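Contents: one structure, followed by commentary.
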Amino acid sequence: METVVVLLNRDLRVHDHPALAAACAGARRVVPLFVVDPAMPPGHRTAFLAESLADLRRSLRERGGELAIRWGDPVAETMRLAGEVSAQAVHVSDDVSALARRRQRRLAGECERNRMEFLTFPGVTIVPPGALKPSGGGDHYRVFTPYWRAWSEHTRRRVLEAPRAVPFPEKLEAGSLPVSRRGPHGLFRGGETVARERMRSWLKHCVEDYAEGHDDLAGNRTSKLGPYLRFGCLSPLELESLSVNGEEFVRQLCWRDFFHQVTLAFPRINRDDYRARGQEWVDDPDAAQAWKEGRTGVPIVDAGMRQLLAEGWMHNRARMLTASFLVRRLRVDWRAGAEHFFLLLLDGDVPNNYGNWQWVAGTGNDTRPNRIVNPVRQAKRFDPEGEYIRRYLPELDTVPMKMIYEPWRMPRGIRGYPAPLVSMD
């Protein structure tokens, strides 16, 4: 084959990239392409994406290639570039969200109309989302534990090396990268280079301690690899293959695959209840806004929400307890909270963000839909010294721990800290 365009989306890497590897193995010229949405809002995620694209361009140039950047509609720009280089095929990594599937259908139709080959490849998950089916019938697993068993036994594809050469067409304009406008508190640098360094350090020093330490709010002992998996700076399959001493960590990677296969079967996961259970939500925009700003008057909840605002990330345990507070204590619709997380989280993808929110809200895949998380007990258990709370709520530096754990007893007006929105008794 003469020329292949590889449209990139959530696969910004050169290692273990089946779509890119197939193009490099079968074509004389390969055009890796990323199409930037001009309407992309500024923030942590925009800076991370810009850094990831710049790093990918460097990696491709080291292999004699280039990253083509275009701005606009991904389908229109892909077909325009494919026509410009007389491509015979377009490759993409298969994805599961409704938006991604619409894009793939449009691309497939345009390629057929223009007599080009259109091929999808694995790479976004460890096990392809549609590969596992329950033995008792159905198109996907609705409960995690049987999926975990089937997933653990499923044969993996081979982890691929980065291509040695990426033969980019001569004289093709590369296009301008988006500019990283990083805020002062951003903790994550984007790109495959940083991702692989963090992966190696995590696997060497921390993964064996994951089961014991991943709920330690102040210790911050999670991998922090989520943003790199969300943007595809890391291959989840390669990460799993190297996590030989981290079964509990691998279980979390399986949860990621689980929600992808749920989303494939239920693409409206970000809009509709997966399991409608008749919940009645309260329309309280003031309470929802206070929650978003970290002003609920419950310190552990506010600390988590302030971390999200400052860093574009939140500790996993804090995600669960802040989400539970919104839907269980304030009775606000899970969609309002999920959308807020999705907009701000660096690792906020559709399957995991909305799948986890529905799990907490009782409308998703939790087998105990009435589960309630008590934030005060969570604070005492997972932040016993109050270090996490004080890190993000400096106005409480001098407040005794007893009051922090019993915020309803806290005097009003402590450096402007609000009284609790609801009773926590």
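Each reported figure results from applying straightforward, stated rules to the coordinates on display, with no laboratory input. What you are looking at is a predicted structure, and each value in this text was computed from that prediction instead of being measured. A quick note on method: Cβ atoms are made from the backbone with ideal geometry, for glycine too, and the neighbour counts reach across all protein chains shown.
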Checklist entry - Which links in Lys204/Lys380; Lys224/Lys402; Lys224/Lys380; Lys204/Lys292 stretch past 27 Å when you go from one Cα to the other? => result Lys204/Lys380; Lys224/Lys402; Lys204/Lys292
Checklist entry - Taking springs between alpha-carbon atoms closer than 10 angstrom, which of Leu33, Leu253, Leu99 fluctuates most in the Gaussian network model of the chain? => result Leu99
Checklist entry - All other residues with a Cβ under 14 Å from the Cβ of Val92 taken together, and with Lys, Arg as +1 and Asp, Glu as -1, what is their net charge? => result 0
Next on the checklist: Compute and list, largest first, the equivalent-ellipsoid semi-axes of region 291-425 from the alpha carbon gyration tensor, each √(5λ) rounded to a whole angstrom.
Outcome noted: 25, 16, 13
Item to check | Cβ crowding within 10 Å averaged over residues, with 346-354, 119-127 ranked highest first | outcome: 346-354, 119-127
Item to check | 0 to 90° range, to nearest 10: angle between helix 144-153 axis and the chain longest Cα axis | outcome: 40 degrees
Next on the checklist: Show me, for region 110-115, the HN-Hα J-couplings you get by feeding each phi into the Karplus relation (A = 6.51, B = -1.76, C = 1.60, θ = phi - 60°), rounded to Hz, glycine and proline as x.
Outcome noted: 5, 5, 4, 5, 9, 6
Item to check | Amide H within-cut-off set for Phe121, under 5 Å, with H built and near neighbours excluded | outcome: Val92, Ser93, Asp94
Next on the checklist: Suppose only helical runs count, i.e. DSSP H with n ≥ 4. What mean residue ellipticity at 222 nm does that imply for the chain under -39500 (n - 2.57) per run, divided by all residues and rounded to the nearest 500 deg cm²/dmol?
Outcome noted: -13000 deg cm²/dmol
Checklist outcome for this item: Heads up, region 106-224 by the C-alpha gyration tensor (a ≥ b ≥ c square roots of eigenvalues; a/c under 1.5 rounded, else a/b over b/c prolate, else oblate) looks oblate
Checklist entry - Taking θ as phi - 60°, what are the ³J(HN,Hα) couplings along region 61-77 by the Karplus curve (6.51, -1.76, 1.60), each to the nearest whole Hz, with x for Gly and Pro? => result 5, 5, 9, x, x, 6, 9, 7, 10, 10, 10, x, 6, x, 5, 4, 6
Checklist outcome for this item: Stretched fully, the stretch from Thr367 through Ser86 gains (0.36 nm per residue minus C-alpha distance, one decimal, in nm) 95.9 nm
Checklist outcome for this item: Surrounding charge for Leu67, neighbours by C-beta under 14 angstrom, Lys/Arg +1, Asp/Glu -1, total -2
Checklist outcome for this item: Checking Gly364, Gly337, Gly83 against a Gaussian network model of the chain (alpha-carbon springs below 10 Å), the top fluctuating residue turns out to be Gly83
Checklist entry - Cβ under 10 Å from Glu212's Cβ, Glu212 left aside: what net charge do those residues give with Lys, Arg +1 and Asp, Glu -1? => result -4
Checklist outcome for this item: Hull surface over four for the Cα convex hull of region 3-123, reported in nm², is 7.1 nm²
Checklist entry - From the backbone phi of region 265-274, what are the Karplus-calculated ³J(HN,Hα) couplings (6.51 cos²θ - 1.76 cosθ + 1.60, θ = phi - 60°) in whole Hz, Gly and Pro given as x? => result 7, 9, x, 8, 4, 8, 10, 10, 4, 5
Checklist entry - Which GluC sites (Glu not before Pro) in region 216-318 pass both tests, a DSSP loop state and at most 15 other beta-carbon atoms within 10 Å? => result Glu280
Next on the checklist: Using a 10 Å cut-off around each Cβ, can you sort Asp139, Asp273 from fewest to most neighbouring Cβ atoms?
Outcome noted: Asp139, Asp273
Checklist entry - Helix 299-311 versus the longest principal axis of the chain: what is the Cα-based angle in degrees, 0 to 90, to the nearest 10? => result 30 degrees
Checklist outcome for this item: Note on region 283-369: the mean projected area of its alpha-carbon convex hull, in nm², is 5.1 nm²
Checklist entry - By how many degrees, between 0 and 90 and to the nearest 10, does the Cα long axis of helix 192-205 differ from the longest principal axis of the chain? => result 50 degrees
Checklist entry - Can you work out the base-10 log of I(q)/I(0) for the chain at q = 0.06 1/Å, using the Debye formula on its C-alpha atoms alone? => result -0.27
Checklist entry - How long is the gain from Arg105 to Ala76 if the chain were fully straight, where each residue apart is worth 0.36 nm and the alpha carbon distance is subtracted? => result 9.2 nm
Checklist entry - In nm, to one decimal, how far is the modelled label at Ala419 from the one at His154, with both set 7 Å along Cα→Cβ? => result 5.3 nm
Next on the checklist: Which of Cys24, Cys206 has the fewest other C-beta atoms within 10 Å, and how do the rest follow up to the most?
Outcome noted: Cys206, Cys24
Checklist outcome for this item: So for region 377-425, using the alpha carbon gyration tensor with a ≥ b ≥ c as root eigenvalues (a/c under 1.5 gives rounded; past that, a/b versus b/c decides prolate or oblate), I'd call it oblate
